[in-house]
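Following: one structure in structure tokens, then a few remarks.
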Amino acid sequence: MANVTEIKQLSVREQAELEVRKEQAAKALDKMKTKLRERAAAEAVLKGIDLQIADLEAQIADGTI
């Protein structure tokens, strides 16, 4: 019976597959971060437009436009 604390040595192929999975995960993480940055930028643009709309509504309400 094998000792439970023994660590199985990975074959060269298993090591390569593990590295490929890690690389793919890193690429996916980078893509996700890029999309989240794009989303944050879009939200900032929308917030700016909302402020412009509120300003325009205030100008219409007080007759300055």
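The values are calculated or read from the model by the stated rules, or taken from the named source; none is laboratory data. Values in this document were obtained by computation on a predicted structure and should not be read as measured data. Glycine gets a Cβ as well: all are built from the backbone with ideal geometry, and neighbour counts include every protein chain shown.
If a residue has to be surrounded by 10 or more Cβ atoms within 10 Å (Cβ to Cβ) and part of a loop (DSSP other than H, G, I, E, B) to count, how many in the range 5-16 make the cut?
Of the residues in the range 5-16, 1 are surrounded by 10 or more Cβ atoms within 10 Å (Cβ to Cβ) and part of a loop (DSSP other than H, G, I, E, B).
Conditions tested, residue by residue: (1) farther than 30 Å from Ile65 by Cα; (2) at pLDDT 95 or above; (3) assigned to a helix (DSSP H, G or I).
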| residue | (1), (2), (3) |
| --- | --- |
| Asn3 | yes, no, no |
| Leu18 | yes, yes, yes |
| Ala25 | yes, yes, yes |
| Lys33 | yes, yes, yes |
| Leu36 | yes, yes, yes |
| Arg39 | yes, yes, yes |
| Ala42 | no, yes, yes |
| Gly48 | no, yes, yes |
| Gln52 | no, yes, yes |
